[in-house]
1. Report the net charge of residues surrounding Ala211, where surrounding means a beta-carbon distance below 13 angstrom and charges are Lys +1, Arg +1, Asp -1, Glu -1.
2. List the relative contact order of the chain as a percent without decimals, with contacts defined as Cα pairs under 8 Å and 6+ residues apart.
3. Can you send over the carbon and sulfur percentage of the accessible area for the chain, probe radius 1.4 Å, protein chains only?
4. Measuring with a 1.4 Å probe in the full set of protein chains, what accessible area per residue, in whole Å², belongs to the chain?
5. Please report, in whole Å, how far the alpha carbons of the chain spread along each principal axis, starting with the longest.
6. Kindly sort Ile76, Ile106 by accessible area of their heavy atoms, largest first, with the probe set to 1.4 Å.
7. What lysines sit close enough to Lys39 to cross-link, taking a C-alpha to C-alpha distance under 28 Å and skipping anything fewer than 8 places away on the same chain?
8. Using 0.36 nm times the number of residues separating His220 and Ile30, minus their current alpha carbon distance, what extension gain do you get?
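The values are calculated or read from the model by the stated rules, or taken from the named source; none is laboratory data. Please read all numbers here as calculations on a predicted model, not as lab measurements. Note that we place each Cβ from the backbone using ideal geometry, even for glycine, and neighbour counts take in every protein chain shown. Surface accessibility is based on the protein's heavy atoms, side chains included, excluding ligands, DNA and RNA. Shrake-Rupley method; radii C 1.70, N 1.55, O 1.52, S 1.80 Å.
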Amino acid sequence: MAEDIKDTKSSNQMWGGRFASGPSAIMEEINASIGFDKKLYAQDIRGSKAHATMLAHQGIISGEDKDKILHGLDTILSEIESGQFTFSRKLEDIHMNIEARLAELIGPAAGRLHTARSRNDQVALDFRLWVKEELQRTEQALTGLISAFLSRAEEHADSVMPGFTHLQTAQPVTFGHHCMAYVEMFGRDRQRVRHAIEHLDESPIGAAALAGTGYPIDRHMTAKALGFREPTRNSIDTVSDRDFALEFLSIASIAATHLSRLAEEIVIWSTPQFGFIRLSDAFSTGSSIMPQKKNPDAAELVRAKTGRINGSLIALLTVMKGLPLAYSKDMQEDKEQVFDAAESLELAIAAITGMVTDMTIRTDKMKAAAGSGYSTATDLADWLVREAGLPFRDAHHATGHAVALAEKKGCDLAELSLEELQAINAAITADVFNVLTVEASVASRKSFGGTAPDEVRKQIAWWRARN
């Protein structure tokens with residue numbers, strides 16, 4: 001293609017004969033979107049080929065013109081992918097850049113391509129196709145992350161660790177059970193992705209500017225050719241709708257929040273104070289001044305990208321909130337937010353998947369911490385209810401006395417003597433010591449979805465059958 005087009009007449013021809021002079025430099029700067037929407041080139045060409053084929057099938061354009069258009073579009077696709085295509089800001093966007101180059105290649109036949117369509121339904125099509133493909137990539141990435149967690153859960157179904165509430169030791173759990181919590185989170189994210197694909201699986205092309213078209217087009221034909229379930233059913237909504245972009249950003253924000261929570265745990269677990277995991281050099285950096293440092297920078301950056309993705313969602317919600325039907329130029333501001341969030345989410349999922357696969361689990365440190373903070377206190381209370389027949393509130397009160405005594409003596413609950421426990425409640429027998437170890441505590445949690453190793457393995461098997 002020729003160098004960046006400087007002839008204002010060429011630009012005005014795209015707008016139509018009403019415009020006698022070219023845009024001012026400021027208008028050109030604010031109006032141009034080619035700097036970012038060139039990312040949609042493949043979708044734009046794919047949509048144009050389907051549209052041209054349908055036009056010829058319906059007898060709206062000739063078969064000869066259709067063949068010229070398809071050949072020209074294939075040439076343009078090759079030029080873009082080989083880096084030989086020159087994008088012009090004066091031509092505003094990806095649609096006009098491709099159309100202008102098509103005219104250079106095949107002459108007047110290029111002008112027939114825009115029959116029965118508008119840039120409004122054209123950009124809606126391109127963007128939907130791109131978001132649909134990105135959602136499919138996100139689904140695959142989440143499946144890979146879930147698989148990584150299932151492997152670690154299976155490996156550590158019996159490995160005890162402290163479970164936390166308020167970041168305070170609560171009850172012993174297994175690391176496998178903790179991993180499965182993230183499987184559930186990312187499984188919900190993946191389900192949201194699948195629902196979003198279903199929601200947007202309608203073809204916008206043929207809605208034209210906002211009112212449809214008087215040409216005898218076949219929108220079902222183009223929908224099928226482009227892999228959509230069916231065409232959209234209201235031309236006004238079609239060109240004004242960006243729910244699919246908002247839904248993508250919403251899903252991305254929720255998934256990023258889950259990634260960030262995990263990243264925060266990775267940061268905490270990798271500290272010397274916790275020491276639950278060790279990250280390899282592949283996901284860590286050093287300090288320019290402190291030679292002993294090994295920083296979990298990959299996890300920290302994942303945590304930070306959540307703010308960036310959330311910001312994209314808020315930005316597009318704000319753009320859309322005051323727009324009357326149908327299309328407004330404000331909607332040009334939709335793509336950069338989605339493109340940026342998609343790139344951030346892809347990178348964050350890849351980084352977290354790598355860290356989950358790569359990190360060394362220090363089961364000795366986890367086990368030592370699992371019994372700290374009187375984590376088996378609930379097991380003592382449950383034993384008093386189950387074996388001594390106490391109401392739970394009375395058992396809770398007695399257990400509180402036992403914890404206070406152990407804290408005063410500087411020992412664990414299991415290190416209190418039988419006599420000391422019986423002084424708190426005479427019904428306590430030596431059998432109580434069978435539930436005061438972390439292993440016994442974990443093994444007893446056999447309720448559906450609980451942390452008992454056998455129950456964890458059941459959940460792993462359930463997920464493996466569906467992943």
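1. Details: positive: Arg117; negative: Asp121, Asp237.
It works out to a net charge of -1.
2. Worked out over the chain, it gives 16 percent.
3. 52
4. On the way: 21980 Å² over 467 residues.
That works out to 47 Å² per residue.
5. That works out to 100, 53, 38 Å along the principal axes.
6. On the way: Ile76 0, Ile106 30 Å².
Largest accessible area first, the list is Ile106, Ile76.
7. Once the sequence-local lysines are set aside, what remains near Lys39 is Lys6, Lys9, Lys49, Lys66, Lys68, Lys90, Lys132, Lys224, Lys305, Lys321, Lys329, Lys335.
8. Here the segment from His220 to Ile30 would lengthen by 64.8 nm.
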